[in-house]
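Contents: one structure, followed by commentary.
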Ligand SMILES: C[S@@+](CC[C@H](N)C(=O)[O-])C[C@H]1O[C@@H](n2cnc3c(N)ncnc32)[C@H](O)[C@@H]1O
């Protein structure tokens, strides 16, 4: 226990040091780094199926309940998506339960969608949208028949999508809004418009972060106004907490849930 605490502290200060250096390196550049949705699209269009392969056979060091330990990527992913499962279960176990209609925004590699299908089968119907056509192509090719029941579409959540108001019982995102630094208000409004019952955001939340995370979000120009935007829009937050599982100590994930 003491060993874990010392390791965590040493790692934390080493990462703070490297982020401070990065901050000053960026200050010295003429154009500081500003991340647009176009930059994000450009980056993700280059991706192959490495994330899916890593998911299938990779292992990495994760922080779980504050302690670093090695685990398989599969286990780590399960611990992340469990937080979305909690909301699916609330609906499946609630009064008048019916098939749950789910949308993932920024589904990318489609690992979350595969995990939802594996766990719930035809108790749910799943739709995924992503701004990158190539990411959807790569996922379709990699997963083949597994993704047949999912409706995958190319589109940007910053624009009005061809779905009805409240069409999905659950609309969720996992590290997608972080990519939308300057249009997050339109993205959150569109997610909420499409939500029937719950919006679940698994994203970095600036206000929940420690000094290291705040610096990282500034250096990477990831979105820092998710909670501020939700507060301005006066959407009802039913949960806001830092997750117990973390893959990147610089960029911790929080869960924010909204109820309609
Ligand atoms: C960090 S990846 C996360 C992928 C997946 N949700 C996961 O948990 O592994 C972010 C994804 O968001 C997508 N994205 C970025 N901006 C978007 C936008 N405006 N609308 C829809 N998807 C977007 C990217 O193409 C990318 O696939």
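Any read-out appearing in this document is the output of simple, stated calculations on the displayed coordinates, not a laboratory observation. In this text the structure is predicted, and so the values were computed from the model without any measurement. Quick reminder, even Gly has a Cβ in these numbers, built from the backbone with ideal geometry, and neighbours come from all protein chains shown.
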C-alpha long axis of helix 133-143 to longest principal axis of the chain, angle in °: 70 degrees
Residue among 208, 112, 248 with the largest mean-square fluctuation in a Gaussian network model of the chain, springs linking Cα atoms under 10 Å: 248
Difference of contour (0.36 nm per residue) and Cα-Cα distance, residue 53 to residue 167: 37.8 nm
Listed residues 15, 27, 217, most fluctuating in the chain (Gaussian network, C-alpha, under 10 Å): 27
Helix 211-220 axis, angle to the chain major axis (alpha carbon atoms, nearest 10°): 70 degrees
Full-extension gain in nm, residue 27 to residue 153, via 0.36 nm per residue minus C-alpha separation: 41.5 nm
Distance (nanometres) between label positions extended 7 Å along Cα→Cβ at residue 90 and residue 69: 2.8 nm
Tail beyond 22 Å, pair distance distribution of region 1-151 (Cα, percent): 59 percent
Mean separation of Cα contacts under 8 Å, 6 or more apart, over the residue count of region 154-194: relative contact order %: 63 percent
C-alpha center-to-center spacing [region 74-139, region 7-58] in angstrom: 26 Å
Most fluctuating residue given options 130, 122, 244, as computed from a GNM of the chain linking Cα atoms under 10 Å: 122
Distance histogram for region 2-259 (every C-alpha pair counted, 5 angstrom bins, percent rounded to whole numbers): 1, 6, 12, 16, 19, 18, 14, 8, 4, 1, 0, 0
Antiparallel content of DSSP bridges confined to the chain, in %, to 5: 50 percent
Three-way shape call for region 156-244 based on the alpha-carbon gyration tensor, with the a/c threshold at 1.5: prolate
Cα long-axis angle, helix 184-194 against the chain (0 to 90 degrees, to the nearest 10): 20 degrees
Helix-derived mean residue ellipticity, 222 nm - over the chain, DSSP H n ≥ 4, -39500 (n - 2.57), to 500: -14000 deg cm²/dmol
